[in-house]
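Notes to accompany the following structure.
Throughout, read-outs are computed from the coordinates displayed, never taken from laboratory work. The model shown is predicted, which means the values in this text are computed figures rather than measured ones. Cβ: placed from backbone, ideal geometry, glycine included. Neighbour counts: every protein chain shown.
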Amino acid sequence: MKNLFSMEYLTNDDIFNLIQTASRFKSGKEIVPQYEGKYVSNLFFENSTRTKCSFEVAELNLGLKQVNFETSTSSVQKGESLYDTCKTLESIGVNLLVIRHPQNAYYEELENLNIPIANAGDGSGQHPTQSLLDIMTIYEEYETFEGLNILICGDIKNSRVARSNYTSLTSLGAKVMFSSPNEWVDETLDAPYVNIDDVIDKVDIIMLLRVQHERHGITDEANFKADHYHEQYGLTKERYRRLKDDAIVMHPAPVNRGVEIDSELVEAPKSRIFKQMENGMYLRMAVIDKLLSRKGE
Ligand code: CP
């Protein structure tokens, strides 16, 4: 694997291979390789807590040295392009780039770089490591994807998580459904749109998405009614009670408490939200190992 750009480039075998490596790291069954003498730089042009920090911990666990890069103090502020920034880091000896950027498919202009890139989220395009950690979390629970009913709720149109997970979970055999307000329907994805109350007692997984105000217009944000959204599309206590006994609740986070999910449900027994974050660190170790070792090529 030269780069990790999009779930669309991964086969089901690639996915299983990554989540199995991550699980072995988590259980302590796999000796953690040490990439001494290798350098990594994390380029975050959009805000992040989970993805940035879990990549950082994963890199430290793998013995990598981190080359600090902050957009606010870099020559990006003098107009340097993304390509020139990345080529500069490659030239001075950085061996791996982790990039989050607001532009969809920003990575297309970086394909000819000689060092690997892990996409940490591109605009409303893809978020492959989030999808992989979600898949790992689901697999821990069910040990299969075939026949699982998965409801993804919320801001589908602006969600790189919905797009990445729709592609991969469908390919793995799950049935993915969406529920969202009309203005956040994504016509490019082929999943059925359903009323949350019609399916809440039948789904195996309900995955709630953050309402992405930063990708909405000022008017949309001003007109947004959090209480109304919670009632129509959120996980309320009543809906939680209707879930199947073995159903689980997921959310990529950060969570808007009381909007996508009732605040008291964030750590409820069926919630796997913090488990997703825990798995994310091991999954990112597996991704970095794969990119630096070029295993399986
Ligand atoms: N889920 C996720 O990508 O969170 P961050 O934006 O905090 O990285």
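Here are some notes:
- Loop chymotrypsin sites (Phe, Trp or Tyr not before Pro), segment 145-237, which have at most 15 other Cβ atoms in a 10 Å radius of their Cβ (DSSP): Phe224
- Diffusion coefficient, µm² s⁻¹, Stokes-Einstein with Kirkwood Rh over alpha-carbon pairs of segment 15-87 at 10 °C and 1.306 mPa s: 110
- Equivalent ellipsoid dimensions for segment 128-272 as semi-axes, Å, which come from the Cα gyration tensor, largest first: 22, 18, 14
- Against the rule of thumb 2.2 N^0.38 Å, how large the Cα Rg of segment 121-182 comes out: 1.08
- Per residue of the chain, the DSSP helices (runs of n ≥ 4 H) give a summed -39500 (n - 2.57) that works out to -11000 deg cm²/dmol at 222 nm.
- Applying both filters, DSSP loop and at most 16 other Cβ atoms within 10 Å, to the GluC sites (Glu not before Pro) of segment 92-126 gives Glu111.
- Mean-position separation - Cα centroids, segment 80-105 and segment 183-197, in angstrom: 35
- q = 0.06, 0.11, 0.14, 0.16 Å⁻¹: log10 I(q)/I(0) that the Debye formula gives for the chain, counting C-alpha atoms only: -0.19, -0.65, -1.04, -1.31
- Taking packing as the residue-averaged number of other Cβ atoms within 10 angstrom, the listed peptides 4-15, 272-283 run from highest to lowest as 272-283, 4-15.
- Set of lysines with alpha-carbon distance to Lys29 below 25 Å, sequence-local pairs under 8 removed: Lys38, Lys65, Lys275, Lys290, Lys295
- Phi-based couplings in Hz for segment 92-104 (Karplus 6.51, -1.76, 1.60; Gly and Pro marked x): 8, x, 6, 9, 8, 10, 10, 10, 10, 8, x, 7, 4
- Looking at segment 137-213, the GluC sites (Glu not before Pro) that sit in a DSSP loop and have at most 16 other Cβ atoms within 10 Å of their own Cβ are Glu143, Glu146, Glu187.
- Here the calculated FRET efficiency for Ile218 and Asn195, from their Cβ-Cβ distance with R0 = 22 Å, stands at 0.15, rounded to the nearest 0.05.
- Dipole size of the chain about its Cα centre, with +1 on Lys/Arg Cβ and -1 on Asp/Glu Cβ: approximately 720 debye, rounded to the nearest 20.
- Distance between the C-alpha centres of segment 1-23 and segment 141-160: 18 Å, rounded to the whole angstrom.
- Viscosity 1.002 mPa s, temperature 20 °C, Stokes-Einstein D of segment 236-297 from Kirkwood C-alpha radius, µm²/s: 157
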